[in-house]
Amino acid sequence: MQGNVFVYGLAGALAIALLIAAFTDIRRRQIDNWLNAAIALGAPAWWWASDLSLWPDVAMQLGVAALVFVALAGLFALKLMGGGDVKLLSALALWIPPMAFLKLLLVMSLIGGALTVVMAMWHFTVTRRRDAKIPYGVAIASAGLITLFPQLEAGWRTVTGA
C-alpha cells in the first residue's frame, strides 16, 4: 500500500458509507442500491491506490465477491437474508482481502447473533409476536468497520503526524 492520503481517504469514505448503511437499515430496514453501488464502484480506486496487481490480486477480489454474491443470493432466495445485505457484503468483498474478509464474516456472525437475540427479545416483549425484522446491516457495517479500523487508525496518524 502506498501509505498516501488517498488510500486513507478511500478507507474513510468506505467507513462513512458503512455508517450510512447501518443507520438506514435501523431506520427503514433497507440498504439503498445507490449506496451499495457506490461502495462497489469505489473498489477500483481502492485497488489502484493500494497497488493491487490485476493478477492475482484484483482477480481474487472479483472472484471472492462473485462467490459471496452467489452464496448469499441463495440465502436471499430462501428468504434467510435481505437483498441489501447480500449486495453490501458482496460490495465489501471487493475492498477487503480474502483472509480479512473471513475475519469480517466471523465478526459479523458474532455481532449479528447478539443483535438477533436482543432484537428478538425486545420485539417479543413489546409485541408478543415472533416476527422481528433484524437490521443485519448493523452487524455487517460493524464488522466492516472493525476490519477497516487498523487502516483508518494508520491513516489518521499519517494525516495528523501523530
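Quick note: the coordinates plus some simple rules give every number you see, no bench work behind them. Worth saying up front: this structure is predicted, and the values here are computed from it rather than measured. Note that we place each Cβ from the backbone using ideal geometry, even for glycine, and neighbour counts take in every protein chain shown.
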With 10 angstrom as the radius, rank VAL64, VAL7 by how many other C-beta atoms surround their C-beta, starting from the fewest.
VAL64, VAL7
Magnitude of the charge dipole, the chain, Cβ model with Lys/Arg +1 and Asp/Glu -1, debye to 20
740 debye
From DSSP H assignment alone, runs of 4+ in the chain each adding -39500 (n - 2.57), the sum over residues rounded to the nearest 500 puts [θ] at 222 nm at -27000 deg cm²/dmol
Which of LEU92, LEU106, LEU14 fluctuates most in a GNM of the chain (C-alpha springs under 10 Å)? That residue is LEU106
If you rank VAL5, VAL138 by fewest surrounding Cβ atoms within 10 Å, what's the result?
VAL5, VAL138
Just in segment 1-96: which trypsin sites (Lys or Arg not before Pro) are loop by DSSP and have at most 10 other Cβ atoms within 10 Å?
LYS79
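Using 0.36 nm per residue, how much length does the chain from ALA38 to ALA77 gain when fully extended, once their Cα-Cα distance is taken away?
Here the answer is 11.6 nm.
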With the 8 Å Cα cutoff and a minimum separation of six or more residues, segment 46-144 has a relative contact order in percent of 27 percent
